[in-house]
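Notes follow the structure.
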Amino acid sequence: MEVIHKIGRRKTAVARVYVSEGNGNITINKKDLNNYFPTATLQYKVKQPLNLTSTADNFDINVNVYGGGNTGQAEAIRLAISRALCEIDTENRTALKPEGLLTRDPRMVERKKFGQKKARKKFQFSKR
């Protein structure tokens, strides 16, 4: 099996994932998964597609991710891994699709408008 390259995005985070045969090592920006994402919830998000397809120990995953925050980066990695697993075996799609792991979340930060304090918040109105 050759190396499979996929891209995942979430908010402003962009993750490039390279999946190859191996024994379950996940490297993010040249760091181990546990060092890059110290919290268990973020580690779970990254491993979720592998756990659903029960292929956690079959592949080595190398990730380059930039932009956004911790959660956005973890969800961008999750989307990229899900897309790669679907390319490896189309049967994985039946496990990942109902969980919503193949859907790109379109929600972005709304821009600030001029004449206002933030995107929706206005400056204080004085009647007199």
Cβ contacts < 9 Å: first residue closer than 24 Å to Met108 by Cα, restricted to the stretch 4-31; second residue of a type in the set (Lys, Arg) and surrounded by fewer than 16 Cβ atoms within 10 Å (Cβ to Cβ), any location; separation 6+ or different chain. Result? Gly8/Arg104; Arg9/Arg104; Arg10/Arg104; Arg10/Arg107; Lys11/Arg107
At least 3 residues that are crowded, with 20+ Cβ neighbours inside 10 Å in each: list the strands (runs of 3 or more DSSP E) lying fully within the stretch 1-89 that qualify. 13-21, 59-66
So which residues in the stretch 75-114 are among the small types (Gly, Ala, Ser), within 17 Å of the chain's Cα centre (by Cα) and farther than 16 Å from Asp60 by Cα, if there are any at all? Ala76, Gly100
Determine, yes or no, whether Arg93 is modelled with pLDDT of 95 or more and either touching an Asp or Glu at 6+ places or on another chain (Cβ under 8 Å) or not in a loop (DSSP other than H, G, I, E, B) (or both). no
Does the stretch 42-57 contain at least one residue that is within 18 Å of Arg10 (Cα to Cα) and touching a residue at least 60 places away in the same chain (Cβ under 8 Å)? no
Among Arg111, Arg104, Arg120, the single one that is charged (D, E, K, R), in a loop (DSSP other than H, G, I, E, B), exposed (fewer than 13 other Cβ atoms within 10 Å of the Cβ) and touching a residue at least 60 places away in the same chain (Cβ under 8 Å) is Arg104
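The values are calculated or read from the model by the stated rules, or taken from the named source; none is laboratory data. Keep in mind it's a predicted model, so treat the numbers as computed, not measured. Positions of Cβ are backbone-derived with ideal geometry, glycine not excepted, and every protein chain shown enters the neighbour counts.
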